[in-house]
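The values are calculated or read from the model by the stated rules, or taken from the named source; none is laboratory data. Just so we're clear, the structure is a prediction, and the values are computed from it rather than from any experiment. Cβ placement follows ideal geometry from the backbone for every residue including glycine, while neighbour counts extend to all protein chains displayed.
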There are 2 protein chains.
Amino acid sequence: MATLSDVARKAVVSKMTVSRVINHPDKVSDELRNLVYAAMEELNYVPNFAARALVQNKTQVIKLLILEEMDTTEPYYMNLLSGIAIELDKHHYALQLVTRNSHTVGSCDGLIVTGMRGEDYEAIIDKLERPVVLFGQNTRGYDFVDVDNENGIRMATRHVIDLGFEKILFFGIDLNEPFMYTRVKGYKKTMCLHYLPEHLFFMKNSSHAAQEIMGRQLADNRERVAVVCASDRLALGVVRAAQSYGLRIPEDVAVTGFDGVFLDRICSPKLTTLRQPVIEMGQECARMLLKKIDLDGGRLGSHIFQPELIIRASTKRTN
Amino acid sequence: MATLSDVARKAVVSKMTVSRVINHPDKVSDELRNLVYAAMEELNYVPNFAARALVQNKTQVIKLLILEEMDTTEPYYMNLLSGIAIELDKHHYALQLVTRNSHTVGSCDGLIVTGMRGEDYEAIIDKLERPVVLFGQNTRGYDFVDVDNENGIRMATRHVIDLGFEKILFFGIDLNEPFMYTRVKGYKKTMCLHYLPEHLFFMKNSSHAAQEIMGRQLADNRERVAVVCASDRLALGVVRAAQSYGLRIPEDVAVTGFDGVFLDRICSPKLTTLRQPVIEMGQECARMLLKKIDLDGGRLGSHIFQPELIIRASTKRTN
DNA sequence: AGAATTTTTGTAAACGGTTCCAAAAAAAGA
DNA sequence: TCTTTTTTTGGAACCGTTTACAAAAATTCT
């Protein structure tokens, strides 16, 4: 691989002139600039990022840590990734992916972290002494980007109440997840406000689990019911269970999901869901992080996005 | 950030000793080793990857270039990413993501490339003079990992022929894609072999497009028909169209998909599909690339995976 | 034209590690 | 005990780029 010195030698100029042609082309005379360009072309010169990183103490690399224990091949994460990539590309930063299998985290200019639970990773991250933005969680003194989980579920619950449902179930995932806790709160508060009894069910985030639990509910009791779900996967399971019992959606069983990333449109009937603008949220993460890097640390505040209640055939027939 | 020299000073040893503690701990006496560990701990020492990369001419970074024009937030790509990450983690390599928006590709030890079309990117990649493995395409003199597209579609087509279908449509995507070309070939060869007439349709890769085109077909003619689709998305559209005409699946209309990553299990009825082992393919990509890096270039041959024909309710009722 | 200013180019010293080799210390052999 | 060998430690140079400053050349001003 040709180095800057090789280019300098070929163009018969100093290393500095070559460096300047790369970084401040306008500070070099036309004549030399063209000589240098020609030499670079001829030698297939590619700048060495490590050398630059070393002297500037700037890697131009942002790491995304996806640390959740659940299935990270969900479209949700690809959207996040994509949003971050879009924004980083604009600012000439590279995106590096770190999963919970990774041995080391290593050098970078900043981190976006999602699914961090427990102190271990906090220590690792703090040690790096780099700006951090959390995604989808609110921990101690970190800046973060999240969706308003509580208000989302509140909107969904109110929506089915407005449709005249009186028995309303909540299907949730592992209660230890902080985002789950706030979703439950949204349900509880709304039910309380309308003097309605709570019916909480927790399961793992799979349509099968939801289908089975909903199946058991319907076996006991076929009264008109709405199910507010903590994810589109769960909602899909509820839909399946209702269909297998020959019940009409949304007349007999109404269902709402959460995420609005992929499943909601694929499902039939299409799901009423709380759309998280995941791509935009990813972009905002990247923007915040880059700003923190520019400002050389310091808190920046956080950004909470409102989910959008998208009303579709699983709760309301539209003609 | 503390440097190696800082640690050396604090432990009252030479830089070399610290470096050795990091890279060959057994070559250092217990006494000094512990002194160094203590100093590292106290100073929060994190090694500087750029410095190491510079002197070793080794970044420990692999870049994944996802260059397709289509929607790369598909679960398919996340699975690929995941497979690659799993394998790279094992060998202490970092994974960096490059999309077609990226301004530069930059230094790395090797590249995995998918969706490269045209000469522009080839030139960029060649210039880096780094080992490359292509994913899902077979171009000139590159090593690659792919799925046997032709044989896959051949299996699907034979499957519906075996089920007694005589009118068999093929729903494909943009014919310019090389993988599409071989899929069409699989259909044509099989149809030819059984003296059956070909019915080819091309559209963009969306369920809506497939639904509309299938709808038009059914409007004209309701005879028993099988549709071999080039993706699960298209298959989903076909299913929808058939359902909207009140036709029975699989008795009146049989459908096969391709990919088997996510949609096939979500769809109702579940899809018969050609499952690509995308995660394993990603792992194989990474393994091949790392081997090429170790072997310092040179061709290594390619790896073509067989897709698995998964027979489900969209073609055959199972009880 | 000659001094003052601006623009263009070059030199030397980092940046934080590792490689290569030499020196010192410890262990083994005579 | 004194070499010889092995193990442990350290010194200097270097990786490819940029930063900071100095020198040279070109331009402007008086």
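The table that follows gives values for the structure above.
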quantity: Selection from the range B:1-29 of residues that are of a type in the set (D, E, K, R), at pLDDT 95 or above and near DNA strand D (Cβ under 10 Å from one of its atoms); calculated: B:K15, B:R20
quantity: Residues located in the range A:108-117, provided they are modelled with pLDDT under 95 and buried (at least 21 other Cβ atoms within 10 Å of the Cβ); calculated: A:M116
quantity: Hey, A:G152 over 16 Å from the mean Cα position of the chain (by Cα) and under 24 Å from A:V278 (Cα atoms) or not; calculated: yes
quantity: Breaking point among (1) more than 34 Å from the chain's Cα centre (by Cα); (2) buried (at least 16 other Cβ atoms within 10 Å of the Cβ); (3) of a type in the set (D, E, K, R), for A:R52; calculated: (1)
quantity: For A:V255: the one exception among (1) surrounded by fewer than 23 Cβ atoms within 10 Å (Cβ to Cβ); (2) touching a helix residue (DSSP H, G or I) at 6+ places or on another chain (Cβ under 8 Å); (3) more than 14 Å from chain B (Cβ to nearest Cβ); calculated: (1)
quantity: Test: residue in the range A:297-307 that is within 18 Å of A:A226 (Cα to Cα) and at pLDDT below 95; calculated: no
quantity: Members of the range A:228-252 found to be within 14 Å of chain B (Cβ to nearest Cβ), out of contact with any helix residue (DSSP H, G or I) (no Cβ under 6 Å at 6 or more places or on another chain) and of a type in the set (A, V, I, L, M, F, W, C), listed by number; calculated: A:A235, A:V239, A:A242
quantity: Test result for A:L97, of a type outside the set (G, A, S), within 7 Å of chain B (Cβ to nearest Cβ) and part of a strand (DSSP E or B); calculated: yes
quantity: Residue list for the range A:203-246, filter: farther than 20 Å from A:I161 by Cβ and polar (S, T, N, Q); calculated: A:N205, A:S206, A:S207, A:Q211, A:S231, A:Q243, A:S244
quantity: From the options A:A50, A:A38, A:A85, residue that is within 16 Å of DNA strand D (Cβ to nearest atom) and not hydroxyl-bearing (S, T, Y); calculated: A:A50
quantity: Candidates B:G110, B:G83 - the one that is in contact with a helix residue (DSSP H, G or I) (Cβ under 6 Å, 6 or more places away or on another chain) and facing chain A (nearest Cβ under 10 Å); calculated: B:G83
quantity: Leading residue by the ranking (nearest to the other protein chains (Cβ to nearest Cβ)) among those in the range A:118-156 that are touching a residue at least 40 places away in the same chain (Cβ under 8 Å), buried (at least 16 other Cβ atoms within 10 Å of the Cβ) and part of a loop (DSSP other than H, G, I, E, B); calculated: A:P131
quantity: Residue satisfying all of: in the range B:229-265; of a type in the set (V, I, T) and farther than 23 Å from A:E74 by Cβ; nearest to the chain's Cα centre (by Cα) among these; calculated: B:T256
quantity: Single condition B:L64 does not satisfy, out of (1) part of a strand (DSSP E or B); (2) away from chain A (no Cβ under 11 Å); calculated: (2)
quantity: Conditions (1) within 16 Å of DNA strand C (Cβ to nearest atom); (2) within 30 Å of A:I293 (Cβ to Cβ); (3) not assigned by TED's automatic domain parsing to the domain that holds A:R287; number of the one not met by A:G106; calculated: (3)
